[in-house]
Amino acid sequence: MKLATLKRGGRDGTLVVVNRALTHCRPVPAIARTLQAALDDWDALEPQLRQVYEALNSGAFADPEPFDAAACHSPLPRAYQWADGSAYVNHVELVRRARGAELPPEFWSDPLMYQGGSDAFVGPRDPVWALDEAWGIDLEAEVAAITGDVKMGATPAEAGKAIRLLMLVNDVSLRNLIPAELAKGFGFFQSKPASAFSPVAITPDELGGDWRDGKVHRPLTVHLNGALFGKPDAGTDMVFNFPQLVAHVAKTREVGAGSIIGSGTVSNKQGGLHGSSIANGGVGYCCLAEVRMYETIESGKPQTPFLKFGDTVCIEMFAQDGASLFGAIEQRVEKYPG
């Protein structure tokens with residue numbers, strides 16, 4: 001099943017069921033006005049939403065509404081919780097090396113996670129807003145899960161049963177603000193602006209056999225200014241799967257329905273430093289910090305700049321038949337006009 005939120009009907013938008021081909025949708029106010037309302041009563045409402053989904057796919061509705069990703073907000077325009085992990089330890093190792101920090105060995109056994117701002121996400125076609133290019137604007141292409149209620153101390157098996165939906169993320173980082181912020185010893189804050197999520201959130205069964213072991217086994221494609229920048233497989237080198245990440249969040253607290261748990265930047269450990277880029281026959285990257293780290297190792301300094309005003313980012317994932325699974329996050333970096 002595929003669900004989206006249109007930018008109409010108030011701050012939390014209007015929930016729509018979207019067909020598998022992402023061509024048509026149908027508002028479902030009689031079932032749930034918003035996605036959060038559906039998540040709050042998922043066991044009762046999910047079968048009703050699925051009936052609409054099946055009817056859309058079969059062509060049972062005479063007048064389905066055309067689906068326009070540009071009219072979408074993030075599936076949850078705001079959420080009770082947004083916790084982003086770093087399940088791809090290769091990425092953590094690279095970005096830490098970029099700022100001269102070693103990787104503690106426990107990072108391979110205990111997930112790294114931060115709690116991001118969730119009061120105001122941006123839509124999949126909204127700009128990446130910033131006030132200054134000197135902040136070091138970087139994309140981070142990820143996968144995320146939306147949960148139902150999870151009890152405190154839940155095991156990974158129990159946590160996995162609470163995963164309701166999956167979606168893509170652009171978790172923007174302001175790299176040049178991170179070192180000073182982390183030096184205070186209290187984690188990310190200003191260096192993590194609003195995230196954008198894919199137009200559509202999908203139930204895991206939409207992936208078929210590509211959803212296994214609590215991981216999404218599909219390449220995540222990233223284009224920068226129209227050129228392919230990365231296509232690493234989201235199921236490869238994911239040290240902590242989604243059930244483990246959700247259980248990590250629930251270790252000391254109950255987790256409420258509508259919580260979003262991110263995978264961290266998708267990153268594949270590639271053989272050798274050379275050949276990792278798309279141009280050199282590799283799978284490329286899901287953030288600029290990684291390629292800059294490789295460049296520093298190889299040539300002594302980074303060559304690739306961070307994002308500038310006017311640059312464009314596109315993040316998308318495709319099924320085995322080539323169909324877009326979540327729709328595309330397409331964003332332009334712009335100076336905040338406020």
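The values are calculated or read from the model by the stated rules, or taken from the named source; none is laboratory data. Predicted, not measured: the structure shown is a model, and the values here were computed from it. Virtual Cβ from ideal backbone geometry, glycine too; neighbours counted across all protein chains shown. These accessible areas exclude ligands, DNA and RNA; they are computed on the full protein's heavy atoms, side chains included. Shrake-Rupley method; radii C 1.70, N 1.55, O 1.52, S 1.80 Å.
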Per residue value of the accessible surface for the range 24-178 (all protein chains in place, 1.4 Å probe), Å²: 43 Å²
Qualifying aspartates and glutamates (Cα of each under 18 Å from Cα of LYS184; at least 8 residues distant if same chain): GLU102
Debye log10 I(q)/I(0) at q = 0.10, 0.19, 0.22 Å⁻¹ for the range 33-156, Cα point scatterers: -0.53, -1.31, -1.45
Where Rh is the Kirkwood radius over Cα pairs, Rg/Rh for the range 102-153: 1.04
Segments 5-12, 316-323 sorted - mean Cβ within 10 Å per residue, highest first: 5-12, 316-323
Protection proxy ranking of 242-249, 330-337, 15-22 - average other beta-carbon atoms within 10 Å, highest first: 242-249, 15-22, 330-337
Exposure rank, largest accessible area first [THR14, THR236; 1.4 Å]: THR236, THR14
Where N is the number of residues in the range 232-316, Cα Rg divided by 2.2 N^0.38 Å: 1.39
Placed amide H near TRP82: partners under 5 Å, 5+ positions off or other chain: GLY116, ILE260
Charged-residue dipole, Cβ positions (Lys, Arg, Asp, Glu), the range 48-122 about Cα centre, Debye nearest 20: 220 debye
Translational diffusion of the range 23-101, µm² s⁻¹ [Kirkwood Rh, Cα pairs; Stokes-Einstein; 25 °C; 0.890 mPa s]: 153 µm²/s
Computed magnitude of the charge dipole of the range 1-42 (debye, nearest 20; Cβ of K, R +1, Cβ of D, E -1): 240 debye
Of all accessible heavy-atom area on the range 1-150, the percent that carbon and sulfur account for (1.4 Å): 49 percent
Overall form of the range 196-268 per C-alpha gyration tensor (a/c, 1.5; a/b vs b/c): prolate
Spherically averaged projected area of the range 174-313 from its Cα convex hull (nm²): 11.0 nm²
Histogram of C-alpha separations across the range 177-232, 5 Å bin width, %: 4, 13, 11, 15, 15, 17, 15, 8, 2
Sequence of HIS223, HIS91 from largest to smallest accessible area, 1.4 Å probe: HIS223, HIS91
1.4 Å probe accessible area per residue over the range 236-338, in Å²: 42 Å²
Magnitude of the charge dipole, the range 82-145, Cβ model with Lys/Arg +1 and Asp/Glu -1, debye to 20: 100 debye
